[in-house]
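Notes for the one structure printed next.
The values are calculated or read from the model by the stated rules, or taken from the named source; none is laboratory data. Worth saying up front: this structure is predicted, and the values here are computed from it rather than measured. Note: ideal-geometry Cβ built from the backbone for every residue, glycine included; neighbour counts use all protein chains shown. SASA here: full protein model, heavy atoms, side chains in, ligands and nucleic acids out. Shrake-Rupley method; radii C 1.70, N 1.55, O 1.52, S 1.80 Å.
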Amino acid sequence: MGSNSVRGVDRRRLLRWGGVAAAGVAAGGVQVVNASPGRAAPADPDPDAVPPAARPGGAYDRYVAKLAAEGKFSGVVMLSHRGRTVLSRSYGMADKEKGVRNDPGVAFYLSSAGKPFGAVAILQLAQRGEVKLWDTVGTYLTGFAKDVAEKVTIHHLLSGTSGLSNPEVDVQRVFQSREEVRAYNERWARDAELVSAPGTPTDHAGAEVAIPAQIVEAVTGKSYWDYVEEHIFKRCGMSGTAYFTRPQWLTDKHIAHPYMELADGSVVDAVRNLNKGSPSPHQPGKNPGRNFIDAPGDGGFATAPDLVRFAQALGDGTLLDPHYAELFTGPKHPHPPQGGGLRGGRTAPVDASFGAYTLPVHITNGQWVWGRAGGDPGAGASWNIYPDTGWVGVILGNSDGVPLWEIIDQEIQTITG
């Protein structure tokens, strides 16, 4: 491989891809898409071509419109090509009680789709020489078990290979302040135990996100939320994106409310019904509104155009130097050819899938796809980067019953097929 090539992607193309969208892990599964493994790669795609299915009125547009007409989608989808919006559609209500409709200016709850912000924050510190990726947890933090402090490195945490357990979360607790959220999560992360050798792929261990966020705080002297808002969101021009608090969620008309389905089939606004919990077997009893603010390293809120801006900033050097941007998305370890997670056991083959830093990357139809997805009761989010052709895809939803993984599959096939 020549010095100007990164995993088969021309370096100049990498620096001008200008986009992001979601192929991700939401609750412990690798996102997978319909493709035929083992076949020869197709011809190098024309980076300037706009697939007919991606255009307004095309197959993807009609597919999402049909879901919305059937009551199966409430939210925003966006496709951007080299910084130009090709398709933008909004459906449903952001706040039914106040009569506010969803639109591209509405911020949606990201759940796990917000976790890569923490990896970017760590890499910013690394490129400034303030942290080393081989440093162990104990280099920066105290209170962890000896084996965790001395054996688990930042690289292990970011790559999902820490070998740590996933301590149980108190999903019933209603938090009342930022300080309470931080204190709880500091204690919770220290309950994580080393259950396999560092370097072993780990199944969605929350401490792998919480601990790097605490390292950001220890090194910078700022809260994780403040650091990311200043050094990532503001730097990218993501003016509608933030770690909003519950009071803001209740009062700001630019934040979509999560509509959660209960066991009896009724649907409630989760943030206005903190006594209600999800019956989902994946997240039993959970209600995202109970968090006063998302735990450091997790979640947050973003608009679709802001996620496109985030993608562009990754590609043009605004957030990370080129080599560190490559390090962020570079494949670290292979995933098995099948995945499940919140896909209800539905699996499909991919050409090749790998773990990168807090996000999966995979080859589909001869193209790289980088991104992350996440889901919580009443919310689903996805962003994907297509570096070979400069596309970004965003899917943001605010209701249960949205077939998020199927929409992601449709998006990926639209761009790469």
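For the range 215-282, just say rounded, prolate or oblate: build the C-alpha gyration tensor, square-root its eigenvalues into a ≥ b ≥ c, call rounded for a/c under 1.5, and beyond that prolate if a/b exceeds b/c, oblate if not.
Prolate.
Site-free segments of the chain were taken between GluC sites (Glu not before Pro) in DSSP loops having at most 15 other Cβ atoms within 10 Å, sites themselves excluded; the longest one is 194-417.
Accessible area per residue for the chain is 37 Å², calculated with a 1.4 Å probe on protein heavy atoms, without ligands, DNA or RNA. In the range 162-294, what percent of the accessible surface is made up of carbon and sulfur (1.4 Å probe, ligands and nucleic acids excluded)? On the range 162-294, the fraction of accessible area on carbon and sulfur atoms equals 49 percent. Using the Cβ of GLY57 as centre and a radius below 15 Å, the other residues enclosed give a net charge of +3, where K and R count +1 and D and E count -1.
For the range 124-245, a Kirkwood hydrodynamic radius built from all Cα pairs, placed in the Stokes-Einstein relation at 25 °C and 0.890 mPa s, yields a translational diffusion coefficient of 160 µm²/s.
Would you calculate, for the chain, the mean residue ellipticity at 222 nm contributed by helices, counting each DSSP H stretch of 4 or more residues as -39,500 (n - 2.57) and dividing by all residues, to the nearest 500?
Helix contribution divided over all residues of the chain: -7500 deg cm²/dmol.
Between the range 156-213 and the range 382-396, the C-alpha centres lie 28 angstrom from each other.
Computed over the Cα atoms of the range 86-173, the ratio of the radius of gyration to the Kirkwood radius (Rg/Rh) comes to 1.16.
Mind checking which lysines have their C-alpha under 25 Å from LYS151, skipping anything on the same chain fewer than 8 residues away? In chain and number order, the partners are LYS115, LYS132, LYS332. Using only the Cα atoms, work out Rg/Rh for the chain, with Rh taken as the Kirkwood radius, to two decimals. On the Cα set of the chain, Rg over Rh gives 0.94. Take the chain, connect every pair of alpha-carbon atoms lying under 10 Å apart with a spring to form a Gaussian network, then pick out the residue of GLY375, GLY160, GLY71 with the largest mean-square fluctuation. Among GLY375, GLY160, GLY71, the largest GNM mean-square fluctuation belongs to GLY71.
Each peptide in 56-65, 104-113, 237-246 receives the mean, over its residues, of other Cβ atoms within 10 Å, and ordering these scores from highest gives 104-113, 237-246, 56-65. Relative contact order of the chain, taken over Cα pairs closer than 8 Å and 6 or more residues apart, is 32 percent. For the residue pairs LYS98/LYS286; LYS146/LYS286; LYS253/LYS276, the C-alpha atoms sit more than 26 angstrom apart in LYS146/LYS286. Per-residue 3J(HN,Hα) values for the range 101-115, derived from phi via the Karplus relation 6.51 cos²θ - 1.76 cosθ + 1.60 with θ = phi - 60°, read 8, 5, 7, x, x, 8, 8, 10, 5, 8, 6, 5, 5, x, 5 Hz in sequence order (x marks Gly and Pro).
Springs between alpha-carbon atoms under 10 Å, Gaussian network over the chain: tell me which of ASP294, ASP306, ASP147 tops the mean-square fluctuations. Highest fluctuation of the listed residues: ASP147. Projecting the Cα atoms of SER74, TYR357, GLY118 onto the charge dipole of the chain (Cβ charges, centred on the Cα centre) puts SER74 farthest toward the positive pole. Where Lys and Arg each count +1 and Asp and Glu each count -1, what net charge lies around LEU67 among other residues with Cβ under 15 Å from its Cβ? That sum, taken over residues with Cβ under 15 Å, equals -2.
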